[in-house]
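Asker: Submitted below is the structure of interest, expressed as structure tokens.
Taken together, the values in this text are just the output of simple stated rules run on the coordinates, not laboratory data. Because the structure is predicted, anything quoted here is derived from the model rather than measured. Virtual Cβ from ideal backbone geometry, glycine too; neighbours counted across all protein chains shown.
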Amino acid sequence: MEAPEGGGGGPAARGPEGQPAPEARVHFRVARFIMEAAGITGVKLGMRSIPIATACTIYHKFFCETNLDAYDPYLIAMSSIYLAGKVEEQHLRTRDIINVSNRYFNPSGEPLELDSRFWELRDSIVQCELLMLRVLRFQVSFQHPHKYLLHYLVSLQNWLNRHSWQRTPVAVTAWALLRDSYHGALCLRFQAQHIAVAVLYLALQVYGVEVPAEVEAEKPWWQIYTMDTEIP
């Protein structure tokens, strides 16, 4: 598989004229790889949204603890997908991860043969998983904003009039913004409920939707939502 090798050696880790790209750009592209390789469209792994979010979070958390130049980010990404499948009980075979990754990097190429290169890559993914668990001190279970956003959307739908809700794709936009937030380490910097409120607030702002009775309320709706919200 002609995947990028080395923390700064692959095409996604290079900027104009072959110069190393900023780390944020590298992580953005590798997170995009995780989402597209693990997603449900096309010949992909078919992971659900929560396992994908966990894979991205594991990836970002690992590089918060280590240097990008020390590890191949795409190998870390493949191991993150593999580990996230175990954490979220959507187990994936390493063979499937390798084949989908190979198709991602070589869309018109042939599937990998079961030769020494294949087994070396498989062993690398497994060994990398063990390394990541040690680096992250086995703390690979996360609380994601998804359940909070779903709760807020249901509450807001009951609050708004039907016409305002149906004529604007607030929910679709909020979910898209939440998914895009995993391109960076936002998931590690803020609480899950705060991220959920932030993407919902931005979606409302995009379409100019006003929450009823917000002017008369003692507190803004988003502040009420983020006050110790606990959802099982």
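Asker: Could you compute the net charge surrounding residue 103? Neighbours are other residues with a C-beta less than 11 Å from the C-beta of residue 103; K and R count +1, D and E count -1.
Answerer: Details: positive: 44; negative: 36, 96, 110.
Net local charge, residue 103 excluded: -2.
Asker: Output the Cα-based Rg and Dmax of segment 159-208 in Å, rounding Rg to one decimal and Dmax to a whole number.
Answerer: Calculated on Cα positions, Rg and Dmax stand at 11.9, 37 Å.
Asker: Let me ask you something else. If packing is taken as the mean number of other Cβ atoms within 10 Å per residue, what is the order of 44-52, 182-190, 202-210, highest first? Numbers along the way, then the final one.
Answerer: Values: 44-52: 19.2, 182-190: 17.0, 202-210: 14.0.
The peptides rank, most packed first, as 44-52, 182-190, 202-210.
Asker: Under a point spin-label approximation (7 Å from Cα along Cα-to-Cβ), what is the residue 114-residue 127 distance to one decimal in nm?
Answerer: With each label placed 7 Å out from Cα toward Cβ, I get 2.2 nm.
Asker: Between 142, 90, 158, whose Cα lies farthest towards the positive end of the dipole of segment 41-199 when Lys and Arg beta carbons carry +1 and Asp and Glu beta carbons carry -1, centred on the Cα centre?
Answerer: After comparing all options, I get 158.
Asker: Would you mind calculating the gained length between residue 91 and residue 44 on full extension (0.36 nm times residue separation, minus the Cα-Cα distance), in nm to one decimal?
Answerer: Numbers: separation 47, 0.36 × 47 = 16.92 nm, distance 1.42 nm.
Length gained between residue 91 and residue 44: 15.5 nm.
Asker: Take the alpha carbon atoms of segment 62-164, find their radius of gyration, then divide it by 2.2 N^0.38 Å using N residues; give the quotient.
Answerer: Ratio of Rg to 2.2 N^0.38 Å for segment 62-164: 1.48.
Asker: Under 13 Å from the Cβ of residue 116, count the other residues' Cβ atoms, weight Lys and Arg +1, Asp and Glu -1, and hand me the total. Kindly include the intermediate steps, with their values, before the conclusion.
Answerer: Numbers: positive: 117, 122; negative: 113, 115, 120, 123.
Taking every other residue near residue 116 into account, the sum is -2.
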